[in-house]
Amino acid sequence: MTEYFIRRLLQSILVLFLISLVAFGLIHAAPGGPTQMMMAPGVSPETAKIQAHNLGLDKPVPTQYVIWLTNMLKGDLGHTFKNNLPVGEVLWPTVGNTIKLMAFAWFIALLIAIPWGIYNSTKVYGISDQTANFVSYIGFAMPAFWFGIILQELFSLKLDWLPLSDMYDMDKQGNFGNLLYHLILPCSVLVLGFLASYSKYARSSMLEVLEQDYIRTARAKGVPERKVIFRHALRNALIPIITIIGLDLPILVGGATLTESVFNWPGMGRLFVEMARSREYSVLMAITLITAVVVVAGNFIADILYKIVDPRVKLGSKGGKSA
Amino acid sequence: MSDMNIETAPNVQASEHTEPAIAPLPPSKKPPGPWMTVVKKFFRNPYAVTGLIVLLFFVVISVLANVITPYDPAKIDLMNANLKPGTGDHLLGTDELGRDIFSRLLHSGQISLTVGFSVAAISVIIGTLVGAISGFFGGWIDTIFMRLIDVMNSIPTLFLNILVMAIFGTKIHYMIMILAFTSWMGVARLVRGTYLQLREMQYVEAARAIGVSRTGIIFRHLLRNASFPIIVNATLMVGGAILSESGLSYLGLGIQAPATSWGLMLSNSQEFMLIDPLQAIYPGVCILAVVLAVNFIGDGIRDAMDPRQKKKISRRRLDKWRKNYSKSGI
C-alpha cells in the first residue's frame, strides 16, 4: 500500500509539473509572446523594452519559467498587467463564489441522482426509468447555456419570479437568503447536467451488482428485498459511483464557466473568460495551475480511496486506471 | 461463425413460410459479413433511424442554404429590423440588425456541422494513432503517452480551448484544430486497451511469422479488429464538438461575425431577450436536435455492433412472452 501510495504521489507531482510546463509554454508560444500582448499598440519600442525589463520578460524563457514556478510554489501568483493588482486578490473571491455555486448544485444533484438511480435499477424499463433515460439524453444533447437562457426568459422576464442574474441584489450584498434566491436558476442548469450522468451511473452500477451471485444467495436465504437492496447491493454499488464522481472533478471546477457567464455569476470560470479576452496571462496561468492541482489531487484521493474501500483491487497494478 | 448462423436462421424460416411446398431450399447465399449484420441491425432501431433522418435533413438544408433562402445571412438591413416571424419573405423574422433569422440559422448549420464532423474526424485519427502506437509497443512509449493523456485530462477542456482561442485568435480552422487536440484522449485510451488485448492474439503472431511489417500489423490486422468501438466513439464525438463550438462561440471566443453559428446567434439573442425572446429558441432547438440525432445514431451503431445486445432485447421479449403465457393459463 505504501509503495503504491508513493508511486501514485510521484506520478501526480510529475503530471502537475508537466501541466505547469504546458500552461507556461502555451503563453510563450503566442505570436509575439506575452510582451507584445500586454503592450498598448502605440508604445514606442524603447518604452516597451523598459517595461519588459521591469516585468522580467527579457530574461531567457527557461529562467522566466523557473522564477514563475518558484513564485507559484511560494504562493505568490504574480500581478495583473493592467492595474498591477496581486492576482490572488482578484482570484480567491471568485473561487469562493464558484465553490458556493458548484457545491450547492452538486449536493442537490447527488441527493436526487443516487436514490433515483437506485430506484430505477429495481424497476428497469418502468416509467421512472424511462424518464431518467429521457432526462439524460436531453441533458447530454442540450447546450447548458441555452437551457440557462430559456430559464431566464421564462422565470425572470416572463413570470418575474426569480432574479435574472448576479449573485446578490444590489442592496442585499452578503445576505444568505438572497444568495439562495439567486442560486435557484444557475443551480437548475447545473443539476440537470449532473443528473444526466449520475443517475445513469448509479443505475448501471446497481444493476451490475444485482446480478451477482451473493445477491441471489441473499434472496434465496429469504432476506427481505429492502435489506438486499440497501445492505447487500448498495454498499458494493457505491464504490464505482464514488470513483466516477471523484474523476469528475475537472467538470466541477471548470464546468460552470458557461453557466457563470449566462447568469453573470462572479465565479472563477467567468473570470477566466474575461481575463482571456483581455489577455491577463498571469491570471490565466494561475487559474490553470490551481484547477490542475485540484483535479490531480481529486484523482489521487479517489484512487487511494478506491484501493482502501475495495480490497479486490490488486495493489501496485501498473498504470493505475486502465482504460 | 455461430453468430452468423443465428442471423441467417430467421431468413430461412421466412422463406419456408412463404413457400410451403417441399421445394428444396435455395442454395444459401454467402452469409452476411459483420458489416452487413451491423447495417441491418442499425436500420431495425427506430431511434437510430430517426436520428439519421434528422441529421440528413439538417445536412441537406445547410448545404442547400443558398438555394433555400434568398437572403444573405450577414446582410444588415436596418429598415427591416426586428420583424415578426412570417413577415413578408422572412420565415422567422429578422434580428435587431435586420438580418434574416432563417437564413442565419441555415448558414450557422453549415459551420456547426463542419466543425462537428471535422473535429470528430481529426481527433479520431490522432486518438487512434496514439492509442495504437501506445498499445502495440507498450513500455516507455506507452508510459509517455499515458502521462500525456493524464496531463490533458487534468486541465478542464473548456479552459484549454479558451486559452488557445484567446492566444492564437479566433479562426475557424484554429477552432477545429484545438477542439480536436483536446478531445482525442478518450479514443486513445480505448484503442490502447483494445490493442493491448489484441496484440497477444494468435493471428498477430501468425502475421509476424510470415513477415508482415509492424506497420502492416498495426494498421491492417489490428485496426480492423478495433474499428467498431472507434466508429462509435467518433459518432458520439460529433455531438460533443458541436456543443463545444456553440459554447465557445457563445463566449465570444469562437466563430466571429460576419460568419455565424448557432452559439453566436444565442449570445446575440441574450442581449435582445426583452425585444424578441423567440430568437433564443431557434438556434438552441437546432443544436439540441442535431446533437440528439447524432447521439441516437451513435447509440444505434453501438447497439448494432455489440453482439451481447441481442441478449438484452430477447430478455425483454421473454418477459413479455412470460406475461402472455401466464395470462393464457398455460
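So for the range B:202-210 (the condition being farther than 30 Å from A:Glu274 by Cβ, at the interface with chain A (Cβ under 9 Å from one of its Cβ atoms), small (Gly, Ala, Ser) and open to solvent by less than 40 Å² (accessible area, probe 1.4 Å)), does at least one residue qualify?
no
Run down A:Trp116, A:Trp161 and say which single residue is under 28 Å from B:Val291 (Cα atoms) and open to solvent by 20 Å² or more (accessible area, probe 1.4 Å).
A:Trp116
Do you know which of the residues in the range A:1-42 that are modelled with pLDDT of 65 or more and not in a helix (DSSP H, G or I) is most open to solvent (accessible area, probe 1.4 Å)?
My answer is A:Met1.
If we keep just the residues of the range A:156-189 that are modelled with pLDDT of 85 or more and within 14 Å of chain B (Cβ to nearest Cβ), which is farthest from B:Trp262 (Cα to Cα)?
A:Leu185
Condition (residue is open to solvent by less than 10 Å² (accessible area, probe 1.4 Å) and away from chain A (no Cβ under 14 Å)) applied to the range B:234-253: is it met by at least one residue?
Within the range B:234-253, none of the residues are open to solvent by less than 10 Å² (accessible area, probe 1.4 Å) and away from chain A (no Cβ under 14 Å).
Can you tell me which residues in the range B:239-275 are over 17 Å from A:Leu258 (Cα atoms) and aromatic (Phe, Trp, Tyr)?
The answer is B:Phe272, and nothing else.
Could you check, for the range B:302-324, whether at least one of its residues is at pLDDT below 90 and at the interface with chain A (Cβ under 8 Å from one of its Cβ atoms)?
yes
Name the helices (runs of 4 or more DSSP H) wholly inside the range A:194-258 in which the number of residues that are within 24 Å of A:Ile290 (Cβ to Cβ) is 2 or more.
Result: A:234-247, A:249-254.
What's the number of the only condition in (1) touching a Leu at 6+ places or on another chain (Cβ under 7 Å); (2) facing chain A (nearest Cβ under 10 Å); (3) farther than 15 Å from A:Leu26 by Cα that B:Asp142 fails to meet?
Going through the list (1) touching a Leu at 6+ places or on another chain (Cβ under 7 Å); (2) facing chain A (nearest Cβ under 10 Å); (3) farther than 15 Å from A:Leu26 by Cα, B:Asp142 breaks only (1).
Pick from the range B:211-228 the residues that are open to solvent by 30 Å² or more (accessible area, probe 1.4 Å) and without any contact (Cβ under 8 Å) to a residue 60 or more places away in the chain: which of them is nearest to B:Leu113 (Cα to Cα)? Spell out the reasoning first.
Of all residues in the range B:211-228, those open to solvent by 30 Å² or more (accessible area, probe 1.4 Å) come to B:211-215, B:219-221, B:223-225, B:228.
Narrowing the set further to residues that are without any contact (Cβ under 8 Å) to a residue 60 or more places away in the chain leaves B:211-213, B:215, B:220-221, B:224-225.
Values: B:Gly211: 43, B:Val212: 39, B:Ser213: 38, B:Thr215: 33, B:Arg220: 30, B:His221: 32, B:Arg224: 27, B:Asn225: 29 Å.
Residue satisfying both the conditions and the ranking: B:Arg224.
Which residue, of A:Ser188, A:Ser204, is more than 16 Å from A:Gly117 (Cβ to Cβ), out of contact with any His (no Cβ under 6 Å at 6 or more places or on another chain), open to solvent by 40 Å² or more (accessible area, probe 1.4 Å) and small (Gly, Ala, Ser)?
Answer to the check: A:Ser188.
Across the range B:111-147, which residue is least open to solvent (accessible area, probe 1.4 Å) among those that are over 19 Å from the mean Cα position of the chain (by Cα) and β-branched (Val, Ile, Thr)?
B:Val130
The values are calculated or read from the model by the stated rules, or taken from the named source; none is laboratory data. The structure presented is a predicted model; accordingly, all values stated were derived computationally and were not measured. Neighbour counts run over all protein chains shown; Cβ positions are idealised from the backbone, glycine included. Side chains are part of the model used for accessible areas, which takes the heavy atoms of the whole protein and leaves out ligands, DNA and RNA. Shrake-Rupley method; radii C 1.70, N 1.55, O 1.52, S 1.80 Å.
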